[in-house]
Amino acid sequence: MAVFELSKKFQNFLSETSEIFSHYFNTSPENKQFSSLKLMGINQYIISNSIKDILDFKFNFMFRNNSYNFYWSMAISESIKNSYDHGLASEKGLSSEIYLGSKGLGFGIFDGGDFYKQPLIKELVESRKPIPKELFPSIYKNNSSGGRHGMDKIYSHSDFLEIDITKGILFIGFTNERILSKK
């Protein structure tokens, strides 16, 4: 059973049935022995390798031969990076969940912030439009490309985007076809 509540639309994207495997990750903000940069890297490493292991089991270890295109995983890495660079993951921790259904793979992420609780952000992200600097200058801190480069990776390397604005969770989905595309 998923920890984050999935919409019917996302459930239907992932599977023809209600059978969806889920695995939850939580990183506490009390991990003071690591910098935010290291915590971000640890989360990216653990989650991406867990996904590859799960997919290996689903597709009979096909991913061991390294002939598959893993560009789609950049959407997951970028969402984790954004949570640390622009969100509150460093202060409040990071919660994420992997979903595996018969039709695809999903990922949900929550960084403790309010960014994904805004109706305008939901509209922009779900329609894959740039996030305007004028309206959200805080995501462009430190001269980052905020809202453009990172979100472009999420937009171009995913098949499904949805935001739960009541809880501030970003959901990203990938079809089996995208996952199984060759290099």
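Some observations on this one:
- Test: residue in segment 29-49 that is closer than 20 Å to residue 160 by Cα, hydroxyl-bearing (Ser, Thr, Tyr) and surrounded by 13 or more Cβ atoms within 10 Å (Cβ to Cβ): yes
- Neighbours by Cβ (under 7 Å, 6+ apart or cross-chain): first from segment 160-183, free of Cβ contacts under 8 Å to residues at least 40 places away in the same chain; second assigned to a strand (DSSP E or B) and of a type outside the set (D, E, K, R): 161/172
- One residue from 182, 167, 122 being surrounded by fewer than 19 Cβ atoms within 10 Å (Cβ to Cβ), modelled with pLDDT under 90 and among the charged types (D, E, K, R): 182
- Residue 110 fulfils the conditions (1) surrounded by 20 or more Cβ atoms within 10 Å (Cβ to Cβ); (2) touching a Ser or Thr at 6+ places or on another chain (Cβ under 8 Å); (3) closer than 18 Å to residue 9 by Cβ except for a single criterion, (3).
- Of all the residues in segment 72-110, those that are in a loop (DSSP other than H, G, I, E, B) and touching a residue at least 40 places away in the same chain (Cβ under 8 Å) number 6.
- Pairs with Cβ under 8 Å, 6+ apart, first in segment 29-48 and without any contact (Cβ under 8 Å) to a residue 12 or more places away in the chain and more than 19 Å from residue 77 (Cα to Cα), second surrounded by 12 or more Cβ atoms within 10 Å (Cβ to Cβ) and not small (Gly, Ala, Ser): 31/39
- Within segment 138-164, the set of residues being in a loop (DSSP other than H, G, I, E, B) and either touching a Pro at 6+ places or on another chain (Cβ under 7 Å) or modelled with pLDDT under 85 (or both) comprises 144, 145, 146, 147, 148.
The values are calculated or read from the model by the stated rules, or taken from the named source; none is laboratory data. Because the structure is predicted, anything quoted here is derived from the model rather than measured. Neighbour counts run over all protein chains shown; Cβ positions are idealised from the backbone, glycine included.
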